[in-house]
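This report refers to the structure that appears directly beneath it.
The values are calculated or read from the model by the stated rules, or taken from the named source; none is laboratory data. Note that this is a predicted model, so its numbers are computed, not measured. Don't worry about glycine lacking a Cβ; one is built from the backbone with ideal geometry, like all the others, and counts go over all protein chains shown. What goes into the accessible areas is simple: the full protein's heavy atoms, side chains included, and nothing from ligands, DNA or RNA. Shrake-Rupley method; radii C 1.70, N 1.55, O 1.52, S 1.80 Å.
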Amino acid sequence: MLRSILSFFGGVFTFITMGFFGAALTLGAVFWMYGRDLPSHASLAQYKPPTISRIYSGEGKLIDEFARERRLFTAAEDIPLSIKQAFISAEDKNFYDHLGIDPVAIMKAAAEGVLRGGRFRRGGSTITQQTVKNIVHDWEASFARKFREMIRAFQLERLYSKRQIIEFYLNQFHVAGNGRGAGIAAQYYFRKDVRDLSLVEAAFIAGSVKGPGKYNPFIKYTKKTRARALGYANERKNYVLKRMLEQGWIHQEEYQSAYDAEIPFRRGEFRTAEVALVDLVKSQLKKKEVLDALGLASFDELNTAGLKVYTTIDAEMQKSAQ
């Protein structure tokens, strides 16, 4: 009898062990298959987001810009805590606890999709996964892309701290046109420095990531469509505030005050008007000896290098002369 019981439990133990072993082998094979052609750790470790290069007048006034992606890179320590909390609340509440992917969020997204008859509205992607997508620009809508994204997310978490990942993310998300990141969002939506954003403004920016076009009142060309965009924007702002309240990052009084407040949109421009002498400056920058001195391989790199070019141009006198 005892022998039979031991034999039974021994069989169960062997079955469970072999099951775990088989699952590990399968998972390993999947990761190998989808990860063999991915960028190396070194390429991810050397990632540097492209930023705006700018030309200034003799008085220090901005007169022109070079930009493939308009981004005002802001270090993590200079980004207000309210912005970080708003984004984490809206996009990835377990950001500081997971290793790149959030299995619970993925299961919830899958279950919700099944209940909705195959319509998947919740993505289940973490901030790390979204950062990876923005870095490598892999937009393919497939399970293969999701697997690649998960592997890269694991890699990113091993290479960088949470502080660095949230810094990447907050300087990468899409704003409008070729705008990227919280710095440009603050300038574009509110004509402010990112450090000066209010809770209402931070909540809106965090919520707008899901649909920059849908929540953008500046690209709606009729009174009706603009009013609809403002309504969507306010709903999204309030959603983020509710998530922040649930996570204990704001008090009930702060929540209610921000909930009741209108979003103070005040459109800012990405650049100022050119003056004629800017073309002369550009022609000088194209010279090989100048590019070599700046450490650039070509003039096109000015679109991503984040340089500040100071000139002796007097912008006001130049406008008068023109």
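Out of all the residues in the stretch 285-322, which are aliphatic (A, V, I, L, M), assigned to a loop (DSSP other than H, G, I, E, B) and surrounded by 12 or more Cβ atoms within 10 Å (Cβ to Cβ)? The answer is Leu296, Leu307, Ile313. When Ile166, Ile101 are checked against the criterion of being in contact with a Phe, Trp or Tyr (Cβ under 9 Å, 6 or more places away or on another chain) and at pLDDT below 90, a single residue qualifies: Ile101. In the set (1) outside any helix (DSSP H, G or I); (2) at pLDDT below 70, the condition left unmet by Ala42 is number (1). The set of residues from the stretch 211-240 being over 17 Å from Phe190 (Cβ atoms), under 24 Å from the mean Cα position of the chain (by Cα) and either outside any helix (DSSP H, G or I) or hydrophobic (A, V, I, L, M, F, W, C) (or both) comprises Gly211, Gly213, Lys214, Lys220. Sub-7 Å Cβ pairs linking a first residue in the stretch 175-187 that is under 18 Å from Pro217 (Cα atoms) and in a strand (DSSP E or B) to a second residue that is modelled with pLDDT under 85 and open to solvent by less than 40 Å² (accessible area, probe 1.4 Å), at least 6 apart or interchain, are Gly179/Arg70; Arg180/Glu69; Arg180/Arg70; Arg180/Arg71, ordered by first then second residue. Inside the stretch 259-281, residues that are modelled with pLDDT under 75, farther than 18 Å from Arg70 by Cβ and surrounded by 13 or more Cβ atoms within 10 Å (Cβ to Cβ) make up a count of 2. Which residues, counting only those in the stretch 152-171, are part of a loop (DSSP other than H, G, I, E, B) and buried (at least 19 other Cβ atoms within 10 Å of the Cβ)? The one that is part of a loop (DSSP other than H, G, I, E, B) and buried (at least 19 other Cβ atoms within 10 Å of the Cβ): Asn171.
Every condition in (1) in contact with a Leu (Cβ under 7 Å, 6 or more places away or on another chain); (2) on the phi < 0 side of the Ramachandran plot; (3) not polar (S, T, N, Q) is met by Arg243 except one, and the failing one is (1). Within the stretch 193-225, being surrounded by fewer than 18 Cβ atoms within 10 Å (Cβ to Cβ), at pLDDT 90 or above and of a type outside the set (Asp, Glu) holds for Arg195, Ser198.
In the stretch 199-217, what residues are of a type outside the set (D, E, K, R) and in contact (Cβ under 8 Å) with a residue 60 or more places away in the chain?
Matches in the stretch 199-217: Leu199, Val200, Ala202, Ala203, Ile205, Ala206, Gly207, Val209.
Among all residues of the stretch 241-248, there is at least one that is at pLDDT 85 or above, of a type outside the set (Ser, Thr, Tyr) and closer than 27 Å to Leu72 by Cα.
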